[in-house]
Every structure is written in structure tokens, then in C-alpha cells.
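> Just passing along the structure, written as C-alpha cells.
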Amino acid sequence: MLYDMANRFMADEIAPHYDTYEKNEVVDRSAWKKAGAAGLLCASMPEQYGGAGGSFAHESAIIEAIGHVGVDGFGIGLHNAIVAPYILHYGSEEQKERWLPRLASGELIGAIAMTEPGAGSDLQGVKTRAERDGNQYRISGSKTFITNGQLANLIIVVTKTDPAKGAKGTSLIVVETDEVEGFERGRNLDKIGLKANDTSELFFNEVRVPTANLLGSEEGQGFIQLMQQLPQERLMIGTTAIAMAERALALTIDYVKERKAFGQKVIDFQNTQFKLAELKTEITIGRVFYNDCVRRHIAGGLDPITASMAKYWLSDLQGKVVDECLQLHGGYGYMNEYPIARMWRDARVQRIYGGTNEIMKLLIGRSL
Ligand SMILES: Cc1cc2nc3c(=O)[nH]c(=O)nc-3n(C[C@H](O)[C@H](O)[C@H](O)COP(=O)(O)OP(=O)(O)OC[C@H]3O[C@@H](n4cnc5c(N)ncnc54)[C@H](O)[C@@H]3O)c2cc1C
């Protein structure tokens, strides 16, 4: 039921404006508010904090709807299934009451700022510094590639509270951007795909926040917190991957049934049938694996290695599917007016963010 509702919402409220969002390189804030009013923000947060009291299955249903409708630049998956869970899992009662209801309504839009110009895969190299000064932190540093970066007004910032301690000196600190000075948004970055998302640079210039904005009971917990939450982020990239692959296949089957060449429909060529048969088989295998990961994750048993497999394998599959599907569209596949073109551009980043697929293989390899 939630999937159906989310699908209708994305089709009726987001898809008609999506070309504008792509052109503006940002989704309207009003769309976030509408999603909040429809109960699509923070679906897995407890009801006492304004959420819908669901689980990752509910988040998965919403992200699948986004993928199936093809509005994947709408960054509510990150807001719901990455940002809010940090606050739920590591926030104090006061922090949860302060932030979660406003994230659920869309008053606050969430982002997580890990990556820096000099530190992506190797997060131990983060340079952003949070120095304690009485009952405040003074944060200085720059972040880049941050999803929802132009809109976000609640940002979880990965900082070093004690640079000498390396990973053990890393802390997550929440910055409510409306309430601070010294915070600046940089460029809304010019990307090859995911145009509707405002992936941005962020600058922190002696930004002061209360020490009460630290996530966790003490400093130095940031790296462990990241490691605990990254499996869900990786699984979520798998959600988008499988949904987009399914959409690409469905659109392509429709297309080749209509398009004619050499006096017959393109679907009647054996090559088309073989290609689509292969893709359908691989997508079916991917779907079974994905569903199993979700089941295990909800039961509390999805280990980080399997989550890495899901991220890498499903995003690779998505890349292969959209490429083959674009090919079956011929020249029209290269035209932006056909959705497969956008899906092909959008798919590429899935193998890069959330930890590159090489890093996923490194993690899997280490476990052997
Ligand atoms: C559209 C988009 C949205 C993003 N959103 C966010 C966000 O919301 N928040 C955030 O914090 N970050 C975000 N990122 C950043 C993203 O997570 C990083 O780009 C990614 O982790 C890779 O880091 P890097 O770009 O520094 O690449 P590098 O770390 O410089 O990697 C370059 C290459 O080296 C390879 N490599 C690196 N280390 C190894 C190794 N040990 N072994 C083998 N190969 C290796 C990589 O796989 C890659 O191929 C986003 C990025 C994009 C493009």
C-alpha cells in the first residue's frame, strides 16, 4: 500500500515538474513539504518523533517508487534512510525531539557531509576540524559533493575533534545552518547526471554550534558510527539500482514492441529477444538477492560485507542494463526526450558514491 501511494505521489507531484527541477538543478523545497505532508519523510522513524513508525522495508518501498517513476534526483532517500537514522541511533532524547519531527515535516532537509576535496574513499583523511571552546564547537573546513547541499538546513558534519587520534578522533556534529554564522554554500556542482539533485560544496568558517550538537555521548565515536550506518546507505543504493534497472527494462520492452526496422518490429529480432532475456534474468536474480538483503537487514542481520556486495553488484547491474537498453533504442536512446537517456546518465554515479565499487571489493576481499 505504501509503495502504491508513494508511486502515485511521485507520478502526480514530482514527475510533472521534474524537467524544471533538472533545469534548475534543484528540487523545489515545496516538493519536500508535500512529501512530508503525505507521510513520505522519515517513514522509518518512530511515531513519537513524527515518523510513520515503519522499518527499512518502508523506506525501500518509497525509494523503489522513486526509481520506478524515474525521479531519482529527489534526495529523500538520503534524508530518510541515512540522515534521520544517525539522529535516531546516536542522538540524545533532546536531540531526537528537536530534529526528527522537523525532518519528518520537511521543515528541515537533511544532508551528510563526509567527503572533502582531499578525502573521499579514505575518510580517515578528513581535515574539517571541530575545536571545543567552552560549551561550543568551532568548526572549520570544506566539504564537497554533498547531496541536497543547496537545500539542506540540517547537516551532519564529519569532523576531527582530535586530529592526533586519527579515526578515533573523528566526531559527527550536527549543524543547523539557519542558526549559525560562518556557513557558506559553494557551487551547485555541474554534473553529467542526477541533474535534479543539488550536489554541492559546503564551507565552514569558524562555525559555532553548541557542544550539545555532538552525536553520541562522547567525542571520537564518529568513525564507528559511520561504519555502523554505511551498510544501510549501501543497501539503499542497491534499492535505487534494482528499481531503475526494472524501469529501464520495462520502458525498453515497450519501445522495441513499437519500433520497426527492416519491415518488422525490433522485438522480433532474435538479438533483441536474447538481450532482453539476459537482462530480465539478471534483474530477477538481482531482485531476489536484494529482497533477501532487506529481509536480513530488517531482522538485524545484514552484515556489512553482504551490504557491500549489494551496493557493488546491483549498481554494476544497473549500469549494464541501462547501457544495453539505450542501445536497443538506437539514436532515440541518445536523445534527452527519451527517459532512457537520463537513466543512463544518472546510473553512472551509483558505482562511485556511497563508497566506490572498488572500495566495496576491497571490503569483501578483506573478509575472505
Ligand atoms: C553525485 C554525488 C553525490 C555524492 N553525495 C555525497 C554526500 O551526500 N555526502 C558525502 O559525504 N559524499 C558524497 N559524495 C562523494 C562520494 O561518496 C565520493 O566521491 C566517493 O566516496 C569517492 O571518493 P573520491 O571522489 O574522493 O574518489 P577517490 O577516493 O579519489 O577515488 C579515485 C579512484 O581511486 C579508487 N580507489 C581509492 N582508494 C582505493 C583503494 N584503496 N583501492 C583501490 N582503488 C581505490 C576509487 O575507487 C576511484 O576509482 C557524492 C559524490 C557524487 C559524485
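> Going toward the positive end of the dipole of the stretch 328-368, with +1 on Lys and Arg Cβ and -1 on Asp and Glu Cβ, which of Ala341, Gly355, Ser367 do you reach last?
Ser367
> Give me the aspartates and glutamates in straight-line cross-link reach of Lys311: C-alpha distance below 14 Å, same-chain residues under 8 apart excluded.
Glu233, Asp292, Asp303, Glu358
> Sticking with this one: At 7 Å along Cα-to-Cβ for each site, give me the label-to-label distance between Ala167 and Arg259 in nm.
4.8 nm
> May I pose another question? Rounded to two decimal places and with Rh computed the Kirkwood way over Cα pairs, what is Rg over Rh for the stretch 309-368? Working shown, then result.
Details: Rg = 13.9 Å, Rh = 12.4 Å.
Using only Cα positions, Rg/Rh for the stretch 309-368 is 1.12.
> I've got another one for you. Whose amide H sits under 5 Å from the amide H of Gly186, counting only residues 5 or more places off or on another chain, with H placed in the peptide plane?
Glu201, Leu202, Phe203
> Where in the chain are the DSSP H helices whose alpha-carbon span along the long axis reaches 15 Å or more and whose Kyte-Doolittle mean is at least 0.0?
56-69, 222-258, 304-328
> Over the stretch 1-80, what number does the Rg to Rh ratio reach, with both radii from the alpha-carbon atoms and Rh per Kirkwood?
Working: Rg = 12.0 Å, Rh = 12.5 Å.
Expressed as Rg/Rh, it is 0.96.
> Send over the Kirkwood Rh of the chain, from the inverse of the averaged 1/r over different Cα pairs, rounded to one decimal Å. Could you put the intermediate results ahead of the total?
Details: mean 1/r = 0.0473 Å⁻¹.
For the chain, the Kirkwood estimate is 21.1 Å.
> Here is a follow-up. Given the DSSP H assignment, sum -39500 (n - 2.57) over each helix run of at least 4 residues in the chain and divide by its residue total; what's the result at 222 nm in deg cm²/dmol, nearest 500? Numbers along the way, then the final one.
Values: 11 runs with 168 residues, N = 368.
So the calculated ellipticity at 222 nm is -15000 deg cm²/dmol.
> When the convex hull of the C-alpha atoms of the stretch 142-300 is computed, what volume per residue in Å³ does it have? Don't jump to the answer; show the numbers that get you there.
Working: hull volume 26.1 nm³, N = 159.
Taking only Cα atoms, the stretch 142-300 has a hull volume of 164 Å³ per residue.
> Could you work out the pair-distance distribution P(r) of the stretch 206-276 from its alpha-carbon pairs, with 5 angstrom bin width and percents rounded to whole numbers?
P(r) for the stretch 206-276, in whole percents per bin: 3, 12, 12, 11, 9, 8, 8, 7, 6, 6, 6, 6, 5, 2, 0.
> Work out the length of the dipole vector of the chain about its Cα centre, built from +1 on the beta-carbon of each Lys and Arg and -1 on the beta-carbon of each Asp and Glu, and round it to the nearest 20 debye. Intermediate values should be presented prior to the final figure.
Details: 40 positive and 46 negative charges, 165 e Å.
Using Cβ point charges on Lys, Arg, Asp and Glu, the chain gives about 800 debye.
> Here is a further query. Count charges around Leu100 for me, please; just the other residues with Cβ under 15 Å from its Cβ, Lys/Arg as +1, Asp/Glu as -1.
Here the charged neighbours net out to -4.
> Follow-up. How much accessible area per residue does the chain have, counting only protein heavy atoms and a probe of 1.4 Å, in square angstrom? All intermediate terms of the calculation are to be shown ahead of the outcome.
Details: 16150 Å² over 368 residues.
Ligands and nucleic acids excluded, the figure is 44 Å² per residue.
> If packing is taken as the average number of other Cβ atoms within 10 Å across a peptide's residues, how do 19-25, 148-154, 39-45, 176-182 rank, most packed first? Let's see the in-between values first.
On the way: 19-25: 15.6, 148-154: 23.3, 39-45: 25.6, 176-182: 13.6.
Final packing ranking: 39-45, 148-154, 19-25, 176-182.
> Distance in nm between label sites at Gln136 and Ile285, each 7 Å beyond Cα in the beta-carbon direction?
Each label point lies 7 Å from its Cα, and together they span 5.7 nm.
> Which one, Gln150, Leu214, Thr284, is farthest towards the positive end of the dipole of the chain when Lys and Arg carry +1 and Asp and Glu -1 on their Cβ?
Value computed over the given set: Thr284.
> How would you order 184-194, 68-78 from highest to lowest mean count of nearby Cβ atoms within 10 Å? All intermediate terms of the calculation are to be shown ahead of the outcome.
Details: 184-194: 14.6, 68-78: 23.5.
Highest mean packing first, the order is 68-78, 184-194.
> Taking only the alpha-carbon positions of the stretch 49-184 and ignoring solvent, what does the Debye formula give for the base-10 log of I(q)/I(0) at q = 0.13, 0.15, 0.16 Å⁻¹?
One equal scatterer on each Cα of the stretch 49-184 leads to -0.60, -0.80, -0.90.
> Between the stretch 296-342 and the stretch 1-59, what's the alpha-carbon centroid distance in Å?
Using only Cα atoms, the two centres lie 21 Å from each other.
> What percentage of the solvent-accessible surface of the chain, computed with a 1.4 Å probe over protein heavy atoms, is contributed by carbon and sulfur atoms? Let's see the in-between values first.
Details: 8260 of 16150 Å².
On the chain, the fraction of accessible area on carbon and sulfur atoms equals 51 percent.
The values are calculated or read from the model by the stated rules, or taken from the named source; none is laboratory data. Worth saying up front: this structure is predicted, and the values here are computed from it rather than measured. FYI the Cβ positions are ideal-geometry reconstructions off the backbone, even for glycines, and counts take in every protein chain you see. Just the protein is used for accessible areas: all its heavy atoms, side chains included, with ligands, DNA and RNA removed. Shrake-Rupley method; radii C 1.70, N 1.55, O 1.52, S 1.80 Å.
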